[in-house]
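To keep things clear, I will list the structure first and then write my remarks on it.
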Amino acid sequence: MEQPIDSISNNLKRIREARNLSLEGLSELSGVSKSMLRQIETGKSNPTIATIWKIANGLKVSFTSLLRRPAVEAKVSSFTGGTPLTSESAHYRLFPLIPFEPEQSFETYYIEIDPGTIFFGEPHEGNVYEYVFVVKGRMEILVDEKAFKIKENEFLQFRADRPHKYRCLGESTARAIMQISYLG
């Protein structure tokens with residue numbers, strides 16, 4: 001999958017205009033500067049994960065509603081087939097796999113976290129759960145500062161409406177599948 005900047009640009013502009021929001025209005029709702037929003041909408045900036053979350057929370061839409069591409073009926077894809085969304089340091093990589101759709105109420109990602117890396121997850125709004133399935137390596141996930149250590153072939157389920165952090169444990173990159181479920 002290619003980097004979804006074109007999808008982010010198109011979806012952001014479509015959603016913003018459908019709500020009759022100016023860039024300034026969206027800036028106030030999201031905390032993202034008007035100039036950055038303009039750069040994202042015109043495809044001149046590749047936003048970080050944190051920026052996309054701020055925009056999604058400001059618009060009160062799912063993260064993947066900004067990443068969504070047109071649906072396909074059947075397709076084989078690689079977990080890491082394109083350029084990932086990254087944290088500022090690029091030591092946390094997020095590959096969108098299955099976008100949110102209202103009829104399925106979940107979204108799925110493949111994540112990679114390099115050794116020594118901590119990623120701070122934004123709290124989600126509403127009745128939202130995250131499921132993190134570790135497929136390689138070891139991770140620690142802190143939910144409200146309570147630590148959960150997850151190793152290969154284990155998973156953690158938690159309410160995602162509170163602060164949470166992901167940390168790679170060990171000497172090699174941790175890899176996991178993350179599913180976010182919106183229970184309405």
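The values are calculated or read from the model by the stated rules, or taken from the named source; none is laboratory data. Predicted model, so just to flag it, every value in this text is computed and none were measured. All Cβ positions, even for glycine, are placed from backbone atoms using ideal geometry, and neighbour counts span all protein chains on display.
List the residue pairs whose Cβ atoms are under 9 Å apart, where the first residue sits in the stretch 158-180 and is closer than 24 Å to Lys60 by Cα, the second is of a type in the set (Gly, Ala, Ser) and outside any loop (DSSP other than H, G, I, E, B), and the two are 6 or more positions apart or on different chains.
Ala160/Gly121; Ala160/Ser181; Pro163/Gly121; His164/Gly121; Lys165/Gly121; Tyr166/Gly121; Tyr166/Ala174; Tyr166/Ala176
Check off (1) surrounded by 14 or more Cβ atoms within 10 Å (Cβ to Cβ); (2) at pLDDT 90 or above for Thr83 and give me the number that stays unchecked.
Among (1) surrounded by 14 or more Cβ atoms within 10 Å (Cβ to Cβ); (2) at pLDDT 90 or above, Thr83 violates only (2).
I need the full set of residues from the stretch 109-129 which are surrounded by fewer than 19 Cβ atoms within 10 Å (Cβ to Cβ) and under 16 Å from Arg175 (Cβ atoms), in order please.
Residues satisfying the conditions are Asp114, Pro115, Gly116, Thr117.
So Ser62 clears everything in (1) at pLDDT below 90; (2) of a type in the set (Gly, Ala, Ser); (3) farther than 20 Å from Glu41 by Cα except one condition, right? Which one?
(3)
Table: residues versus (1) of a type in the set (Lys, Arg); (2) at pLDDT below 90; (3) not in a strand (DSSP E or B).
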{"residue": "Met1", "(1), (2), (3)": "no, yes, yes"}
{"residue": "Ile8", "(1), (2), (3)": "no, yes, yes"}
{"residue": "Gln39", "(1), (2), (3)": "no, no, yes"}
{"residue": "Lys44", "(1), (2), (3)": "yes, yes, yes"}
{"residue": "Pro115", "(1), (2), (3)": "no, no, yes"}
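From (1) loosely packed, with under 13 Cβ neighbours inside 10 Å; (2) among the hydroxyl-bearing types (Ser, Thr, Tyr); (3) modelled with pLDDT of 85 or more, pick out the condition that doesn't hold for Tyr92.
Of everything listed in (1) loosely packed, with under 13 Cβ neighbours inside 10 Å; (2) among the hydroxyl-bearing types (Ser, Thr, Tyr); (3) modelled with pLDDT of 85 or more, Tyr92 misses just condition (1).
Does any residue of the stretch 47-58 turn out to be surrounded by fewer than 13 Cβ atoms within 10 Å (Cβ to Cβ) and either in contact (Cβ under 8 Å) with a residue 40 or more places away in the chain or outside any helix (DSSP H, G or I) (or both)?
no
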